[in-house]
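For reference, the structure discussed in these notes is given below.
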Amino acid sequence: MLDDFVVRAILAGLGIVLAAAPLGCMIVWRRMAYFSDATAHASILGVALALSFSVSIFAGVLIVSLLMAVLITALNGRGFGTDTMLGVLAHSGLAFGLVAVSLMDGVRVDLTAYLFGDILSVGRFDLAIIWGGALIVLTLLCWRWSRLITSTLNPDLAYASGIDPKREQLVLTLSLAFVVAIAIKVVGALLIGAILIIPAATARGFSKTPELMAAFAAMIGAVGVVAGVGASVMWDVPTGPMIVCLCAVLFTVLNSLNWLISKR
């Protein structure tokens, strides 16, 4: 079954959305959409470093994403507005990465694959990395779920309960770094934020509990992956952008229906 590149692509996409769904919900609740973009854009610098030192792309992207996550957490509340700081880091990381890639001699780099993803070229080893990383993220989020929810909804209550909101934010940022590292080959650095946010934002209007929202987000993302891979193969269009397009269509249609029902 894994000899079929379409099956491998679908399995890779499903692994990403399973990890991205609960993490995306946290990002939506905390209004940290730009935060995910900053970490994802900086991953291009990780690609450049990995190619320069002849190490795996996953390792390079993971290291840079982790460093960016820790840097953002450390700089938060240090005199700059959060959106300003994230904007500087996001665009700087992307620009430095692109320049670094262009300066490498003797290395042919398909930047399109890293910017927009190349899910149809996913191999068995890539699948192992994606699902292994997804399981790590899901395990970490399940372990810290109640603490993350409490620190997200009410930091004062979290302090009163002996929970450090800054520590929980660090857990969240480290989880995001893992998702960025495993997702860059699937949807690319420019679209990782979309696969995190759009399914979670779509599920928000149909969920009464955080757990239901995470489950609905995973289902919406799974539909986008399966339909997106099928549509890209049928119409010969880029797969990563097609997945995001279909998730955006689901967001528009489902939220429109929800709005029409609420008006009755």
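The values are calculated or read from the model by the stated rules, or taken from the named source; none is laboratory data. Here the structure is a predicted model, which means the values were calculated and not measured. All Cβ positions, glycine included, derive from the backbone under ideal geometry; neighbour counts span all protein chains shown. Ligands, DNA and RNA are excluded from the accessible area calculation, which covers all protein heavy atoms including side chains. Shrake-Rupley method; radii C 1.70, N 1.55, O 1.52, S 1.80 Å.
Annotations for the structure displayed:
- Where labels lie 7 Å past Cα in the beta-carbon direction, separation of Val237 and Leu212 in nm: 3.3 nm
- Ranking Trp145, Trp235 by solvent-accessible area of protein heavy atoms (1.4 Å probe, all protein chains present), from largest to smallest, gives Trp235, Trp145.
- Annotation: peptides 228-234, 207-213, 50-56, ranked by per-residue average of other Cβ atoms within 10 Å with the highest first, follow the order 228-234, 207-213, 50-56.
- When each of the peptides 130-141, 240-251 is scored by the mean number of other C-beta atoms lying within 10 Å of its residues, the order from highest to lowest reads 240-251, 130-141.
- Each of Asp156 and Ser256 was given a label point 7 Å from its Cα along the Cα-to-Cβ line. The distance between the two points is 4.2 nm.
- Build a GNM of the chain with springs between Cα atoms under 10 Å apart, and of Ala90, Ala200, Ala217 the one that fluctuates most is Ala90.
- For the chain, the membrane-span-like helix rule (DSSP H, alpha carbon extent of at least 20 Å along the helix axis, mean Kyte-Doolittle at least -0.5) picks out 5-30, 33-52, 57-75, 82-103, 124-153, 165-183, 210-235, 239-263; this says nothing about an actual membrane.
- Förster-model FRET efficiency, 51 Å R0, Arg264 and Thr139, C-beta, rounded to 0.05: 0.75
- Label corresponding to Rg and Dmax of the Cα atoms in Å when calculated from the structure given, among (1) 26.5, 96; (2) 18.2, 64; (3) 21.6, 71: (2)
- What a 1.4 Å probe finds exposed on the chain is 69% carbon and sulfur by accessible area, rounded to a whole percent.
- When the alpha carbon gyration tensor of the range 1-56 is reduced to an equivalent ellipsoid, the three semi-axes, largest first, read 25, 23, 7 Å.
- The range 145-229: C-alpha gyration tensor shape, a/c 1.5 cut-off, then a/b vs b/c: oblate
- Rolling a 1.4 Å probe over the heavy atoms of the protein chains gives the chain an accessible area of 48 Å² per residue.
- Close amide-amide hydrogen proximity is noted between Gly117 and Gly188, Ala189, each under 5 Å apart and 5 or more residues distant or on a separate chain (H modeled in the peptide plane; Pro and chain starts excluded).
- Computed over the range 78-185, the alpha-carbon pair-distance distribution with 5 angstrom bins reads 2, 10, 13, 15, 16, 16, 12, 8, 5, 2, 1, 0, each value a whole percent.
- Taking only the Cα atoms of the range 1-158, the radius of gyration and Dmax are 17.3, 56 Å.
- Note on Leu67 and Ser102: the model spin-label points, each 7 Å out from Cα along the C-beta direction, lie 2.1 nm apart.
- Residue (of Val253, Gly240, Pro210) at the positive-pole extreme of the range 110-264, dipole from beta-carbon charges: Pro210
- Mean Cα-pair separation over length for the chain, i.e. relative contact order, pairs under 8 Å, 6 or more apart, %: 31 percent
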